[in-house]
Amino acid sequence: MFILQRRFSRPLQPLLFPFNLRSSISIRTIKSQTSYDPISTHHPLLTALPNSSSLAQIQRLHSKFIVSGLTHHPFVASKLIQALVSLSCQDYADFILSTTPHPTLFTYNILIRAHSISPTHVLNSSFLLFRRLLEDHSRVTPNQYTLAFVLNSCCYRQGMVADEELRSIAVFEADQIRGQGVRLGLDSNLFVCNVAIRVYGSWAMMEEAERVFKDCSSRDLFSWNSMIGGYVNVGDMKHAMMLFEEMPNRDVVSWSTVISGFVQEGSFMEAMELFHQMQRSGVTPNEVTFTCILTASANLVALDQGRWIHSYIKKAKIGVNERLLSSLIDMYAKCGEIVAALKTFNDGFLKMTVYPWNAMLNGFAIHGMAEDAIDLFEKMRSEGIAPNKVTFISLLSACSHGNFLDEANAYFESMSAVYWVHPEIEHYGCMVDLFGRAGLLNKAEKFISLMPMPPDFIIWSSLLNACRIHRDVARAERVGRIIKELNPEQAGCQVLLANIYSRSGKWAGARKVRNEVEVFRPRKIPGWSSIELGGIFHQFLVGDKSHPQTKEIYLFLDELSIKLKRAGYEPELEEVLVDVDEEDKETALGMHSEKLAIAFGLMNTAPGTVIRVVKNLRVCIDCHQATKLISKLYSRDIIVRDRVRFHYFKDGSCSCKDYW
Ligand code: ZN
Ligand code: ZN
């Protein structure tokens, strides 16, 4: 009667945590029994639970359970916890568990699982629950699901600060859980082993992962995929591919994992080849596969491939998430199609996260469109999208390309003051690049000396490059010495220094540096350039004579050099001859791989077609100069993406404004 009166006199308030009910619960707990009467699953309160879409609804039902004395029934508790977990209210669910006298194994499992996959999870919370379960051992015994769920919480996740301490805690806990697995006779259970493989793989412990993989009673797709994922994670594509070849069946995850591995290590051709094999095998790609292949297309400047993927996505009505949208924008921008990139950006419905904005900003930056980049950044700000570190790299580099000194300074200052983004070494690098490009070498050097972190090799190389452009030999010598101390085996910068010497006629200095380079010369990377025509990649090495059209290409190049000379081109001999890190020293002018690829493109495409070439090394000064003239002579837009940056040649000039 009292209960009824209470119910009608004062409506139940939604309680975030009904801690005020603790006392009544503890009294009931004492009275509780170890066995409960079965409760009908059709109980009206229970049937209402799964349909509760808000915390307030669940709180109201919870209060009714308390009032009706059902709250300690293990089945009711498990249902309540299940409903709370579905709303990500783990703390509330923890509270229910702590007040349930005899939770079932199912209840434990639900909550351990919820903690292990929660984005805000603390590594320990699943483990603590697991320990509580073990202490309750007289009644409940963990099963394979319990072990798998609690093991899962030891996995490395994106966004975690993966320091040594966290790693050792995670691995220690994983070992403990596996120890329990041995005790329970579940150590070679497939479900448990699969998660263990994933955990060790995520912490780059491939030997341990391999041991679990071998000891497992059986293997399924998940086991193979987890092993491959582990090898991809540590960058060991050799072992990843060995397992991939060996596995009995492959699904979209297997294919996407190896493709993403090749993309991560910059082997875009291999990624593309695997993608074609995947299509032939009949496995349907998903958005992860497309994101990887679009990245590969962007880096190979393979517009046909990229366009094909875009139309496939549209036709197959594949859901475009923000990552995929960003990859599409990035692909168009890097293939020189900034208008198509902007159209894709504007057509994209999802622009709630920073990724598509960053992709578009970077597109404007590489096309040297500083004003558009600044406008976009302001629009992004007005729409309330918080910029991140990548946003500022693009924005500052756009300002650098457009020589927008004041704007860049203001944005750099505002980073930490307004946006709480702490400038990192990449941002300082952008500023050094900006000052260098503007010829403010003193300012650049002073800026470096005031950096809060020690300037690295890239920062000094950037200044050295500025010295080369602005022919500041004295400063170049000083910077060259610093770089040599920082990284004595780095031949690239010493070559740059030799170039600076030879450009100013200091032959003795050039020779001295060159001789030193010979001593430390690292493993030489063969230079290659590639061009895509109708979905086929044609790759050219330095002085290549293996292409079926070799004869025609060389004849074309002979003609081209005559035309270039008439147009006033003078080969940059002295620099090419010492540019040893980039291409073979013995290579004669005109045989550099990008020239072969450009000639092949000019010969095999209709007038007006844009030529897109990708090179694995830095474009040399001579090829850069020649390409500028070729773009004018043949009225062709030529895009060359080299190791360092993107060059868009049009009407005799380049988007990099001769600074790279
Ligand atoms: Zn060259
Ligand atoms: Zn350029």
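The values are calculated or read from the model by the stated rules, or taken from the named source; none is laboratory data. As the structure is a prediction and not an experimental result, all values here were calculated from the model. Don't worry about glycine lacking a Cβ; one is built from the backbone with ideal geometry, like all the others, and counts go over all protein chains shown.
Could you say whether any residue in region 598-606 is at pLDDT 90 or above, within 16 Å of ligand 2 (Cβ to nearest atom), over 17 Å from ASP544 (Cα atoms) and outside any loop (DSSP other than H, G, I, E, B)? Steps first, answer last, please.
Step one: of region 598-606, the residues at pLDDT 90 or above are 598-606.
From the residues that got through so far, the ones that are within 16 Å of ligand 2 (Cβ to nearest atom) too are 598.
Right, trim to over 17 Å from ASP544 (Cα atoms) and you get none.
No, that holds for no residue.
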Can you name the condition, by its number, that ARG636 falls short on among (1) more than 11 Å from ligand 2 (Cβ to nearest atom); (2) part of a helix (DSSP H, G or I)? (2)
All positions within region 143-169 that are farther than 17 Å from GLY229 by Cβ, assigned to a helix (DSSP H, G or I) and of a type outside the set (Lys, Arg): GLN144, TYR145, THR146, LEU147, PHE149, VAL150, GLU164, GLU165, LEU166, SER168, ILE169
List the number of the failed condition for ALA341; all other conditions in (1) more than 15 Å from CYS292 (Cβ to Cβ); (2) in contact with a Ser or Thr (Cβ under 9 Å, 6 or more places away or on another chain); (3) surrounded by 24 or more Cβ atoms within 10 Å (Cβ to Cβ) hold. (2)
Of the residues in region 608-620, those that are more than 30 Å from ILE458 (Cβ to Cβ) and either within 13 Å of ligand 1 (Cβ to nearest atom) or without any contact (Cβ under 8 Å) to a residue 40 or more places away in the chain (or both) come to GLY608, THR609
Yes or no: region 608-617 includes at least one residue that is under 20 Å from PHE540 (Cβ atoms), at pLDDT below 95 and within 11 Å of ligand 2 (Cβ to nearest atom). no
Among (1) surrounded by fewer than 19 Cβ atoms within 10 Å (Cβ to Cβ); (2) away from ligand 1 (no atom under 14 Å from the Cβ); (3) within 27 Å of the chain's Cα centre (by Cα), which single condition is SER653 missing? (3)
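Can you say whether MET272 is in contact (Cβ under 8 Å) with a residue 60 or more places away in the chain and under 19 Å from the mean Cα position of the chain (by Cα), as far as the supplied structure shows?
Numbers: in contact (Cβ under 8 Å) with a residue 60 or more places away in the chain: yes; under 19 Å from the mean Cα position of the chain (by Cα): yes.
So MET272 fits the description; yes.
Answer with yes or no whether LEU324 is buried (at least 19 other Cβ atoms within 10 Å of the Cβ), within 25 Å of GLU371 (Cβ to Cβ) and free of Cβ contacts under 8 Å to residues at least 40 places away in the same chain. Walk me through it before giving the result.
Details: buried (at least 19 other Cβ atoms within 10 Å of the Cβ): yes; within 25 Å of GLU371 (Cβ to Cβ): no; free of Cβ contacts under 8 Å to residues at least 40 places away in the same chain: yes.
Criteria not met by LEU324.
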Could you count how many residues in region 621-638 are more than 16 Å from ligand 1 (Cβ to nearest atom) and either touching a Pro at 6+ places or on another chain (Cβ under 9 Å) or closer than 23 Å to SER397 by Cβ (or both)? 4
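Can you spot a residue in region 639-649 that is in a loop (DSSP other than H, G, I, E, B), within 22 Å of THR550 (Cα to Cα) and either among the acidic types (Asp, Glu) or more than 10 Å from ligand 2 (Cβ to nearest atom) (or both)?
First, the residues of region 639-649 that are in a loop (DSSP other than H, G, I, E, B): 642-645.
Right, trim to within 22 Å of THR550 (Cα to Cα) and you get none.
No: region 639-649 contains no residue that is in a loop (DSSP other than H, G, I, E, B), within 22 Å of THR550 (Cα to Cα) and either among the acidic types (Asp, Glu) or more than 10 Å from ligand 2 (Cβ to nearest atom) (or both).
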Would you please list the contacts, defined by Cβ atoms under 6 Å and residues six or more apart or on different chains, that run from a residue in region 635-649 that is without any contact (Cβ under 8 Å) to a residue 24 or more places away in the chain and farther than 19 Å from GLY608 by Cβ to a residue that is among the aliphatic types (A, V, I, L, M) and within 10 Å of ligand 2 (Cβ to nearest atom)? none
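Look through ALA365, ALA466 and report the one residue that is aliphatic (A, V, I, L, M) and within 25 Å of the chain's Cα centre (by Cα).
Residue meeting the stated conditions: ALA365.
Is there a residue in region 550-565 that is hydroxyl-bearing (Ser, Thr, Tyr), more than 25 Å from TYR332 (Cβ to Cβ), modelled with pLDDT under 85 and within 16 Å of ligand 1 (Cβ to nearest atom)?
So far as region 550-565 goes, no, none of its residues is hydroxyl-bearing (Ser, Thr, Tyr), more than 25 Å from TYR332 (Cβ to Cβ), modelled with pLDDT under 85 and within 16 Å of ligand 1 (Cβ to nearest atom).
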